[in-house]
Every structure is written in structure tokens, then in C-alpha cells.
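Working notes for the structure below.
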Amino acid sequence: MKLLIKNGRVIDPASRTDETLDILIDRGKITEVKDKIEDKDARVLEASRLVVAPGFIDMHTHLREPGQEYKETIKTGSRAAAKGGFTSIACMPNTQPVNDNRGTTEYILSQAKKSAVTNIFPIAAVSKEQKGKILTDMADIAEGGAVAFSDDGNPVANSQIMRRALEYSKIVDTPVIDHCEDKQLSEDGMMHEGYYSYLFGLKGIPSTSEEVMVSRNLSLARKAETPIHLAHISTKGSVEFIQQAKEKKIPVTAEVTPHHLFLTDASLKTYDPNLKVNPPLRSEEDVQSLMEGVKKGILDVFATDHAPHAFDEKDTEFDLAPFGINGLETAVSLILDRLVKKNLISISRFVQMISTTPASIFKLENKGNISPGADADLTILNLHKEITVDVNQFESKSRNSPFHGWKLRGAPVITIVGGKIVYSLQKH
Amino acid sequence: MPFNQKHLLGIEHLSPSEITTLLEAGESFLEISTREVKKVPIFRGKTIVNLFFEPSTRTRSSFELAAKRLSSDILNFSSQSSSVVKGESLKDTVRNLEAMNVDTLIIRHSCSGAPHYVTTFCQSHVINAGDGPHEHPTQALLDAFTIKQEKKKLENLKVVIVGDILHSRVARSNIFLLTKLGAHVVLVGPPSLVPVEFKKFGVDIDYNLDRALEKADVIMMLRIQSERQQKNYFPSIREYINLYSLNPKRYRRAKKDAIIMHPGPINRGVELSTDLADSAKSMILKQVEHGIAIRMAVLYLLMGGKEREIID
């Protein structure tokens, strides 16, 4: 069955397109993109007043399967992704067991084939059991389907191991992603270290715990001449280091999450465990710097760091709650409302940061663009749609969002994966 | 001055007039504890729970006696001998106790914000008896009460607080209270335990105890835990004593009538020398005595006692 999307405002940064066009889809691929397509055999999807973008790709998701299916499964996580406007999500390896071998990678992909409504791209561990001691069989795992390597929340502490990982990753030509954190410096911290951590009596995680590792990684990437992708950048100092690195042509890309852009440490006065996240919500000054980083192109990617946790795990004393914010179903509306609507960034820049660039980092040539031959993964947005975040309506198994009750303007309304409509908001 | 708070979670959110109201009520209750019959029939039939998730001598006993002297029933809950050791959550523990129709919960917990969390699901009055390194409001109130008894005022007094400021809920509550009521607070300790950001609370910081003691009216010593040394906040207890212990020689730098305070428990010979701890300038046992009056005042004002009952 062919699908014809008519009269949408097509935004495709890869081809520098921003105009009203029709898109014809056949057998999962985009076959034609031009003004006024007619095809009697195609089902027509009217998209006037809507934005049609290449499918959004979340580079940083936690799906909890295998091992912690009570928090999220590949099925529920992918449904949350589709509702949130994502056609592809990359899942971190901190499952139980850790995705540190080809078998687990293939298991995730087989589960995805059975139950996922979006594309699932596994990210495998850099080191066995994420312990930072022995490298994983990267070539074998990449052949099994991993798109990148990361030790995620147990970042590689030993600089020699990180150097080796970066050097070795040349073989597989997939990026190494690092969660930049010196665990010695963050110790058992729970929130950003500064005025508010002293005020609230919560142990702090200093900005330096991120910045020393950003600096180390940039130095190693320069030496190894290998691309590195830095996860969820949260501090002013990190933005400065990345800016300098880019000026020196060090091959680095960096991501930022909506929660780090739209919340600060001051909000923790409620001791709401839904605000407990790592890296922590930083100061107003850091947030301003992240905004500048987005505007100036120092930060490349919007990612969610979707980290679902069961209700009871977050319904507890702040100290005892696990880190993480549920992000797939709020990210797009948050960015549309807080950045695009306010003209801080253009809609094209937004699409670039959430689709074009992630596709290029993962080397997914048939994704992240709208051109004949590309996969028919599309995200359709209504920039004027008013929504109120309601965690009780989440497709995710978990509810741990600090954005519950936020009124936002702009939302994903139709999500198309491989030519199939996997999500459609009733009144879009 | 009315006191319109349901809970006492900290000092930080109280106004100066609310603090003054609590301190003045404390004066009315001080006399009751010196009577032959140390009891007033204010809260007959009310039930108060001492919910302690951390060890405590002074605070728990003080709240217990305060409740009893107001004629209420008090239940002493200690986490070590409860289903908490079986893994029962704070929320379930509190909700089960509340099902027994209690009126007030007094909570001591190692997690900052635990009493705030409890108020999100319970109906009772909640009093924070110390939450992690965050606040210990009744300690600050009894400290201020003690200073006022001795110095007749708080404004413009130089109060030097010495020790592990970073991890101290007593220091935080005292900083909030004393700065709200116009005292000049100076924090002293090794830089690792006295972050410069504390200046934003309206205090001064000095790493040199000898210098800070000049013209001090009040010297508040804090307990130093050996655990801090193990985490390298300072090199050794010996070095800490050399730099930050209050001894008679150092004490002489302060004003002649300077008083010495300590929330207890004391490490004798570490932060405070024994001769000073037991000297006439030491307010340590006065603080304990005043603690009961202040806690009676807190219970009384939160639980809505009537003015005339104190006098009866």
C-alpha cells in the first residue's frame, strides 16, 4: 500500500529543504518528493499546516529489557518513542545481563522485531560487564547490529582502557559514546553541588566531575584521531571545552537533554525524586551556557536519556531513589515550546539536532533525510497543538517525569516507521 | 503573634516574627519544668510519635519529656526494633502508625527532606527532629533561646560556629535563624568542610580559628566525626585539634563573657577541651534544659494549644 503525504511543510536539513511538498511512500521507502504528486493507488494523508520531518532518532534511551522489564520493555519503550515522535531509538547496554556480547545484542534485536513499533538500535558496552577492565569483542558485536559502544553510567575510568577503546573502534567505524563522570569526584552525590545543595542538605555532584572527563576524552580523541560522542552534557565548563575542541577540529559530537535545558537545581526544593537524575540538574548559569551551546552549534544533538523507573522506586526518600527521568514522551514538545516557539532555534536546526545529526553519527545513511530511496521514517508535527503533560497517559511503563502538568505548545502528531503509521494523535 | 504553621520542617522558611513567637512561648514553658509537678493538662488524649530512624539521646528524650509534660501520650518508635529492619518503607511505616490515629509525628531521619516527603502523604503534624545534613530546627531554637537567656538579645552578637559545617544540620538551622534575627555569624573550619558558597547565606567564613574568635560573644563548637578524616576532609585528628579545637588559651581571645555551646555529643579533647566543656562558660547542659521548654513550645503552637492554658 502506497502512502501519499500531501501539502506538508517538509523540513529536511540534509537537503536544506523547507517548503510545502508532497511525499510518496512505497514499500517502506520514500519514492518521490516534489510539489503536487498524484497517485490514485495511494492512501492520502493530508498534512497541510503540519511539519513533516525525517524521523526523529533518540541516541540515548534505556529500555530495561532484558532484566528489568517491570520498569520498561522494548515494546512499551518503543510505543513511548512513537508517541513522542521518535522513529528510531538507540538503547544503552546497562541491562541485566549487560549488552556486552553479540548474543545479547541479537536478543534485543529479535525482541524488537517481535514487539517494537519503532526501529531499535542497540548500543553495546565498551568493556565486559561495563567494568572498565576488558574490552568487548567490538567487531563481532557491531556485525551483530550494535550501532555504537558505551559503558553508559559506569563510564570508563581508566584512561588507558578508554584510549584503547577509541583506537580499536576504528575497526568497526562506529562511535564510542562516553558518559563523562569522574565517580571519585561525584562520590555519593545526589544533586548539583553549589548553593542549593548546601541549602537543601543534599550531597553534591560537582561540575568538575563531568568536566575533567570531558577534557580527558577530548584529549584522547585527539590523540587517537577517532570520533567520540559525549552524552548528556550538563555544565558550562564542558561546553567551553567542547567549543575549544571543535575549533581545533577534534572529532567530537555532544548531546544535551531537555531536562538539563529546562530545569535547574533550584527546583529540588521539593525533594521530588523525579528530579533526581545523573548528571544532575545544574545551575541557572550552566543552563544559560547549554542554551548558548545549542544556538552556536557547539552541542550537536538532542537526546532524552529516557530512564524509566517504577513508581515505588521513585516514591521514596530522595537519597534512596534511583537516578533518571522518563523522557521519550515529553522531549519533542518541550523543545518545540521552549526553544522553537520562542525563536531561540529554527525548526530546521531542531530537526537537524534530533534526526539528521544522530543519523550521521550512527552512520544510518537511509535515515535522517527525506529523499527518494530513504527509509520512510517520518515525524509529523503540529507546531500549534497545545498539550498538557499527563504521566498517566504515558505509553511508557513508568511515570517518573518532573514535567507532569506542564502546558506546552507544539507536539508530534503522526509517527511513520517504514511507511507504516505507528502513532497518530486523534485530533492532530 | 499567631503561629500559623502545620509543620515545623525547618528554620529557613520561617519569618523572624514566627521565630520570635516560638522563642517567647519557650519562656512561658521554661518555668513549668522547675515546678514540683512538672505537668500541664494541655494535650490530654493527644498522641505524639517519636519516629527516630537514627540514634539519639538528647533530642528523643527531650521530645518525650516535652510531650509528657504537656500531658499527651507518646509512642517511642525506634527503627532498629521495627519492621524497618525487614525492609518496610518510610511511607508504609508512617501510614501504619497514622492508622493508629496519632496527632503528631516527630521525625529524625538520615535523609535530607524525609520529613518533607512525609508531609506529602500524611495528615498529622510533622516536626523535623533532624533530617540528614539539612536542618534541625528545634536545636537552633533552643540554641537561640539559650543565647537570649544569657545575652538578652541576638542582634549584633558575634557568633562563631566551628567545625564540620558541610555535614551539619545544626549549623544550617543556626545559620538561618541567627542571620534572620540579626546576629553576625562567622563559620570556621577547614575549607573542605566550609564551602565558600555558604557566604550566600549571609555569613562570614574564616579558616583561622584564633582570628575568628576575636570579639566573639558566642562560640558554638560542632562534633567532628572520624569518618570525615577517613575521607580526607582533613589529614588527621591531631592536625584538626591543632587548628580547630577550642582550648583555654584560644578561648581567651574571645570576649570575656563569651559563652561556649555544643549540641552534643561532645568528643572531649577533640573539638572542645574537657576543662572548657565543664566550665562556667559552658552552656551545654543549659542547652539541654532549654530544649524541653522549646519543644513544649513547638508542640504547643503547632498543635493549637490555647494561650490561657500555659498560665493555668
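The values are calculated or read from the model by the stated rules, or taken from the named source; none is laboratory data. Please read all numbers here as calculations on a predicted model, not as lab measurements. Heads up, the Cβs are rebuilt from the backbone with ideal geometry, glycines too, and the neighbour counts pull from every protein chain shown. Surface accessibility is based on the protein's heavy atoms, side chains included, excluding ligands, DNA and RNA. Shrake-Rupley method; radii C 1.70, N 1.55, O 1.52, S 1.80 Å.
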Chain B: antiparallel DSSP beta bridges as a percent of all, rounded to 5
5
Residues whose placed amide H lies under 5 Å from that of residue A:10, excluding near-sequence neighbours:
A:19, A:20, A:21, A:52
Residues along the stretch A:190-209 losing 30 Å² or more of accessible surface when the other protein chains are present rather than the chain by itself (probe 1.4 Å):
A:195, A:198, A:199, A:201
If one compares the long axis through the Cα atoms of helix B:58-69 with the longest principal axis of the Cα atoms of chain B, the angle in degrees, nearest 10, works out at 40
Farthest toward positive dipole pole in chain B [+1 Lys/Arg, -1 Asp/Glu at C-beta], among B:177, B:99, B:130
B:177
Gap separating the Cα centres of the stretch A:173-201 and the stretch A:220-266, nearest whole Å:
15
Considering amide H positions built from the backbone, and no H for Pro or chain starts, which residues 5 or more places from residue A:413, or on another chain, come under 5 Å of its amide H?
A:380, A:381, A:382
Using Cα atoms only, what is the angle between the long axis of helix B:169-180 and the major principal axis of chain B, expressed in degrees (0 to 90) to the nearest 10?
90
Comparing each residue of the stretch A:278-327 in the complete protein assembly with the chain by itself (heavy atoms, probe 1.4 Å, ligands and nucleic acids ignored), those losing at least 20 Å² of accessible area are A:315, A:316, A:317, A:319
Which Rg and Dmax, in Å, describe the Cα atoms of the stretch A:194-253?
13.8, 44
Let's test this: bin the Cα-Cα distances of the stretch A:245-327 at 10 Å from zero up to the farthest pair and state each bin's percent.
17, 43, 27, 11, 2
Cβ-Cβ FRET estimate between residue B:208 and residue A:390, R0 fixed at 56 Å, reported to 0.05
0.50
Taking a ≥ b ≥ c as the square roots of the eigenvalues of the Cα gyration tensor of the stretch B:1-149, is the shape rounded (a/c under 1.5), prolate (a/b larger than b/c) or oblate?
prolate
Can you list the equivalent-ellipsoid semi-axes of chain A, largest first and in whole Å, using the square root of 5 times each Cα gyration tensor eigenvalue?
32, 24, 21
Count the DSSP beta bridges whose two residues both fall in the stretch A:56-361, then state the antiparallel fraction as a percent rounded to the nearest 5.
5
Under the Karplus relation with 6.51, -1.76 and 1.60 and θ = phi - 60°, whole-Hz ³J(HN,Hα) for the stretch A:176-187, x at Gly and Pro, equal 9, 10, 10, 7, 7, 7, 8, 5, 5, 6, 7, 6
Summed for both chains, how many Å² of accessible area, to the nearest 100, are buried between B and A with a 1.4 Å probe?
1600
Can you give the % of DSSP beta bridges in the stretch A:1-89 that are antiparallel, to the nearest 5?
60
Electrostatic dipole magnitude of chain B [Cβ: Lys, Arg +1; Asp, Glu -1; Cα centre; debye, to 20]
460
Where nothing but the Cβ of Lys and Arg (+1) and of Asp and Glu (-1) is charged, how large is the charge dipole of the protein assembly as shown around its Cα centre, in debye to the nearest 20?
1020
Report ³J(HN,Hα) in whole Hz for each residue of the stretch A:297-312, in order, from the Karplus equation J = 6.51 cos²θ - 1.76 cosθ + 1.60 where θ = phi - 60°; Gly and Pro get x.
x, 6, 9, 9, 9, 8, 9, 8, 6, 3, 10, x, 9, 5, 3, 4
Dividing the helical contributions, -39500 (n - 2.57) per DSSP H run of n ≥ 4, by the residues of chain B yields a 222 nm value, nearest 500 deg cm²/dmol, of -10500 deg cm²/dmol
Report the accessible area of residue B:121, computed with a 1.4 Å probe over the heavy atoms of all protein chains in place, in Å² rounded to the nearest 10.
30
Between their Cα atoms, which of A:314/A:397; A:276/A:314; B:153/B:215; B:199/B:286; B:158/B:180; A:276/A:342 are more than 18 Å away from each other?
B:199/B:286; A:276/A:342
With all protein chains present, the protein assembly as shown has a carbon and sulfur share of its accessible area (1.4 Å probe) in percent of 48
Please give the Cα centre distance for the stretch A:379-417 versus the stretch B:263-294, rounded to the nearest Å.
58
Roughly how many nanometres apart are two label points built 7 Å out from the Cα toward the Cβ at residue A:29 and residue A:270?
5.0
Solvent-accessible area per residue for chain B at a 1.4 Å probe radius, Å²?
42
Regression test value, accessible area per residue of the stretch A:94-160, probe 1.4 Å, units Å², expected 42
Quick check: Cα centre of the stretch A:288-328 to Cα centre of the stretch B:73-151, how many Å?
31
Given the candidates A:107, A:389, A:54, the one whose Cα lies deepest towards the positive end of the charge dipole of the protein assembly as shown, counting +1 at each Lys or Arg C-beta and -1 at each Asp or Glu C-beta, is A:389
Nearest 10 degrees, 0 to 90: what angle lies between the long axis of helix B:137-151 and the longest principal axis of chain B (Cα atoms)?
60
Threshold 30 Å², the stretch B:73-122 residues less accessible with all protein chains present than alone (1.4 Å probe)
B:91, B:111, B:112, B:117
Inter-probe distance in nm under a simple model that places probes 7 Å from Cα toward Cβ, at residue A:184 and residue B:33:
4.8
How much mean residue ellipticity at 222 nm does chain A get from its helices, if each DSSP H run of length 4 or more adds -39500 (n - 2.57) and you divide by all residues, to the nearest 500 deg cm²/dmol?
-8000 deg cm²/dmol
I'd like the FRET efficiency for residue B:61 and residue B:243, computed as 1/(1 + (r/R0)^6) with the beta carbon distance as r and R0 of 41 Å, rounded to 0.05.
0.75
Estimated FRET transfer efficiency (residue A:427, residue A:363; beta-carbon r; R0 45 Å; 0.05):
0.75
Its Cα gyration tensor gives the protein assembly as shown an equivalent ellipsoid whose semi-axes in whole Å, largest first, are 57, 29, 22
Within the stretch A:182-221, name every residue whose backbone N is under 12 Å away from a label modeled 7 Å from Cα of residue A:167 along the Cβ vector.
none
Taking 8 Å as the Cα distance limit and 6 or more residues as the minimum spacing, I'd like the relative contact order of the stretch A:1-105 as a percentage.
24
Once you charge only the Cβ atoms, +1 for Lys and Arg and -1 for Asp and Glu, what is the size of the charge dipole of chain A about its Cα centre, to the nearest 20 debye?
960
Residue by residue through the stretch A:413-421, which ³J(HN,Hα) values in whole Hz follow from phi under the Karplus form 6.51 cos²θ - 1.76 cosθ + 1.60 (θ = phi - 60°), with glycine and proline marked x?
10, 9, 10, 10, 10, x, x, 10, 6
